[in-house]
């Protein structure tokens with residue numbers, strides 16, 4: 001049943017052409033199937049360096065199609081992909097989603113910048129998206145009465161921080177199930 005909702009590691013997908021059996025694939029079909037795609041924006045820096053060499057010029061635009069997925073109505077779940085990623089940081093995930101840059105700000109204009117998302121979409125991909133993918137959208141994914149109080153407080157309002165400065169945010173507090181599990185003021 002889990003796989004009915006998850007399309008794990010949807011970082012390189014061609015939904016624009018027939019599959020091996022000749023069946024037409026469709027990006028919109030994921031959303032109609034009430035499923036989700038899991039992507040890890042934190043890898044945009046790595047992908048920008050080697051994807052074209054590994055998958056070719058004709059397919060490189062399929063890599064990490066964040067905006068295309070959202071425009072097609074696909075529920076996206078994103079995260080840090082720790083320990084596979086170097087950072088393991090939700091701040092890096094937010095920054096990479098919004099800028100299409102690596103954690104160190106490369107490439108400066110963003111890799112396939114038309115695939116960028118705004119802060120709100122990135123935060124939803126990091127909260128409501130994973131809750132939906134895990135069949136826990138009634139308990140997780142947003143702060144409302146009756147749900148678990150899982151949230152992270154950051155050093156500034158990400159909606160007001162310039163896009164390229166998102167990576168400078170710091171974690172101030174983490175709360176899991178209503179309990180403070182990290183408080184920067186006490187460390």
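The values are calculated or read from the model by the stated rules, or taken from the named source; none is laboratory data. Everything numeric in this text was worked out from a predicted model, so none of it was measured. Glycine gets a Cβ as well: all are built from the backbone with ideal geometry, and neighbour counts include every protein chain shown.
Side notes on the structure shown:
- One residue stands out among those in the range 103-123 that are free of Cβ contacts under 8 Å to residues at least 40 places away in the same chain and part of a helix (DSSP H, G or I): the one that is surrounded by the most Cβ atoms within 10 Å (Cβ to Cβ), which is 123.
- Within the range 75-102, considering residues that are more than 21 Å from residue 129 (Cα to Cα) and surrounded by 19 or more Cβ atoms within 10 Å (Cβ to Cβ), the one modelled with the lowest pLDDT: 102
- Look at the range 76-93: where a residue is without any contact (Cβ under 8 Å) to a residue 24 or more places away in the chain and at positive phi, no partner that is buried (at least 18 other Cβ atoms within 10 Å of the Cβ) and outside any loop (DSSP other than H, G, I, E, B) sits 6+ places away or on another chain with Cβ atoms under 8 Å.
- The range 46-69, subset in a helix (DSSP H, G or I) and surrounded by 22 or more Cβ atoms within 10 Å (Cβ to Cβ), residue modelled with the highest pLDDT: 66
- Test: residue in the range 16-38 that is modelled with pLDDT of 65 or more, within 13 Å of the chain's Cα centre (by Cα) and at positive phi: no
- In the range 133-169, the residue that is nearest to residue 35 (Cα to Cα) out of those that are in a loop (DSSP other than H, G, I, E, B) and touching a helix residue (DSSP H, G or I) at 6+ places or on another chain (Cβ under 7 Å) is 137.
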